[in-house]
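What follows is a single structure, written as structure tokens, with notes after it.
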2 protein chains.
Amino acid sequence: MLGGLERALKTDPSLRFLVVGDQAVVEPAMAALALPAGTATILHAPDSIAGDEKPSQALRRARTTSMGLAINAVKEGQADAALSAGNTGALMAMSKLALRTMPGIDRPALTALLPTLGTHDLVMLDLGANTESDAQNLVQFAVMGAAYARTVLGLKRPRVKLLNIGTEELKGTDEIKEAAAILREADYLPLKFDGFTEGDQLSRGNVDVVVTDGFSGNIALKTAEGTARFVTDLLRRAFTSSLRSKAGFALSKPALHMLKVHLDPNNHNGAVFLGLNGLVVKSHGSATPKGVANAIAVAARMVRGDIVNQVISDLDEFRAHAFAVTSA
Amino acid sequence: MLGGLERALKTDPSLRFLVVGDQAVVEPAMAALALPAGTATILHAPDSIAGDEKPSQALRRARTTSMGLAINAVKEGQADAALSAGNTGALMAMSKLALRTMPGIDRPALTALLPTLGTHDLVMLDLGANTESDAQNLVQFAVMGAAYARTVLGLKRPRVKLLNIGTEELKGTDEIKEAAAILREADYLPLKFDGFTEGDQLSRGNVDVVVTDGFSGNIALKTAEGTARFVTDLLRRAFTSSLRSKAGFALSKPALHMLKVHLDPNNHNGAVFLGLNGLVVKSHGSATPKGVANAIAVAARMVRGDIVNQVISDLDEFRAHAFAVTSA
């Protein structure tokens, strides 16, 4: 984790860090790094949340754990964003309780980047913050996902699609059809709603933001991760199956490195709980320093793009128009 | 399609075919194949269902189209199973209307085989026959999926899991938790219920049957297909990126063929609408003769295993026990 700070500072020297953890562990690790003076401060936390701890248990220990104190630093304005590589469920529960949802947002959504064949990653949400979502939730996710694509990917008017089991207007659940009907009318929003997409299109690069409920989103994300691993496992088996293929692998290695880089989760690190009054970023648990630095860069772009207020003002716009239509 | 008949007959000479289609097209194609005398009969159908036709439209043309007449042949006992490579939505709607659901089954489920790292394919259902499923539907899918794994894969007591967004008992929707509670008690059924699984485990080979609602199932299936294609597309890019990698590819080609074979949908062909009073098998639209022959083999195994009556008697057993528990 701390190696990521060093790396992030090299790219962006204006960053400042509050490192929350057990002082006895963090201090020597920080000293070994020798970061420029004044770039990092330590905030002692006597305790930490375990990886397998239940969110309900974690909530009780917000005042003593590194996770709880990092989120509190965002709440108190001491930090612009919190970054954690810990227990996702606990991070979600503690963030929600401490920061509360933004005005106009009923539920936060776990938002992340997925690799594609296109020129940039895909923004996808919700990836599992909620089990069920209604049409209003999906519309809010679309607004939040578009704000993420604008601030993190630098897109002006992101193309947004709803994940469905077909692309015809009649397909899908009532929630999805209703969300599509609302988004189709909302052309004043800074996004281009482009209808439905299916699971096989996620990596094609023909959409910027894919919106779905947390259940389907989590299943799609994990199925994509599992399938990528499955194919690369088969590839490894194939390359090690004979002397000839081993020689072929040796020759192809530099080129295959491209594949590895493209699929490496460290290059798409920086999931975020959007919809809260403050930024909480989730890093992969096994992220390398490069992965952590990428997550920090995502957080910095969201802070500079003022994503929280962006979403709030987009939603204000949405409600103003929705009201105008209703009262017409 | 017809090339698949020839291939299937070579492996299993006891098969008999009723080929439903436009006589003017089918007759010369059959003559060119020169199948053994008496193995195939033609049933003339003046019309056919288009690939993009709406199910509601297709339903009105059941009496004149090849799809409608093939399903009707199953209903009338002239055929033991129908096989189609056509429009999935139309096939589902026409099959449901003509064959009706089995006693004890509320909704049919689209069931298919997915490749894994293990010794056999994974049985997964529902892959999109329904948009929503309640706990009873999920339990019925589990019984049907286990019967499929017994008759098609030859497993004695298939391991069945429910697809979820976590493996802890508290995770997921109410429907999933309720279905899990029912299945945990149903140890008299010829299946071993093994709790929850997640999207990243589908290809690991550690489960035989994965049960899910049609929405999540369709998204998982298509995401898996899309991701496999994504990784192989990246692989192709990598191999063609330099002369050196092209040479590496040439050397590795025989070994990489294994990967291609493992992922080839033709080797996992034979999706079926389980839960109807009759067997309707769906082939991939782009299946090769080998793929069609595999789908025919799956159909033949289900007919010989009497899967329809297997499912009916498993469900009778289930209801008898459920009643015994309720009235105790």
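Rule-based calculations on the coordinates, nothing more; no lab input. Model, not experiment: these values are computed from the prediction. Reconstructed Cβ throughout: ideal geometry from the backbone, glycine too, with neighbour counts over all protein chains shown.
General remarks:
- The single condition among (1) without any contact (Cβ under 8 Å) to a residue 12 or more places away in the chain; (2) within 14 Å of chain A (Cβ to nearest Cβ) that B:GLY154 does not meet is (2).
- Every residue from the range B:254-270 that is outside any loop (DSSP other than H, G, I, E, B) and free of Cβ contacts under 8 Å to residues at least 60 places away in the same chain: B:PRO254, B:ALA255, B:LEU256, B:HIS257, B:MET258, B:LEU259, B:LYS260, B:VAL261, B:PRO265, B:ASN266
- Scanning the range B:228-253 for residues that are over 14 Å from A:LEU117 (Cβ atoms), at the interface with chain A (Cβ under 7 Å from one of its Cβ atoms) and part of a helix (DSSP H, G or I) gives B:PHE239, B:ARG244, B:SER245, B:ALA247, B:GLY248, B:PHE249, B:LEU251, B:SER252.
- Strands (runs of 3 or more DSSP E) within the range A:131-227 that include 3 or more residues within 23 Å of A:GLY270 (Cα to Cα): A:159-163, A:209-211
- Selection of the range A:232-258 for residues being touching a helix residue (DSSP H, G or I) at 6+ places or on another chain (Cβ under 6 Å) and over 17 Å from B:LYS253 (Cβ atoms) yields only A:MET258.
- Taken together, the residues in the range B:177-212 that are of a type in the set (A, V, I, L, M, F, W, C) and farther than 20 Å from B:LEU274 by Cα amount to 6.
- Scanning the range A:98-119 for residues that are assigned to a loop (DSSP other than H, G, I, E, B), β-branched (Val, Ile, Thr) and away from chain B (no Cβ under 11 Å) turns up A:ILE105, A:THR119.
- Every residue from the range A:286-310 that is basic (Lys, Arg) and either under 16 Å from A:THR111 (Cα atoms) or in a loop (DSSP other than H, G, I, E, B) (or both): A:ARG301
- Where a residue in the range B:271-282 is touching a residue at least 12 places away in the same chain (Cβ under 8 Å) and its partner, wherever it lies, is of a type in the set (D, E, K, R), with Cβ under 6 Å and at least six apart: B:ALA271/B:LYS282; B:ASN277/B:ARG100
- Count - residues of the range A:117-138 that are surrounded by fewer than 24 Cβ atoms within 10 Å (Cβ to Cβ) and either farther than 21 Å from A:ASP200 by Cβ or small (Gly, Ala, Ser) (or both): 8
- Selection of the range B:120-130 for residues being away from chain A (no Cβ under 14 Å), assigned to a loop (DSSP other than H, G, I, E, B) and either touching a Ser or Thr at 6+ places or on another chain (Cβ under 7 Å) or of a type in the set (A, V, I, L, M, F, W, C) (or both) yields an empty set.
- Residue within the range A:173-188 that is more than 19 Å from the chain's Cα centre (by Cα), surrounded by fewer than 20 Cβ atoms within 10 Å (Cβ to Cβ), closer than 28 Å to B:ASP233 by Cα and within 12 Å of chain B (Cβ to nearest Cβ) present: no
- Residue, farthest from A:LEU221 (Cα to Cα), within the range B:192-215, restricted to residues that are of a type in the set (Asp, Glu) and facing chain A (nearest Cβ under 10 Å): B:ASP213
- Condition check for B:PHE193: farther than 17 Å from B:ILE307 by Cα, touching a strand residue (DSSP E or B) at 6+ places or on another chain (Cβ under 6 Å) and either in contact (Cβ under 8 Å) with a residue 12 or more places away in the chain or among the hydroxyl-bearing types (Ser, Thr, Tyr) (or both): yes
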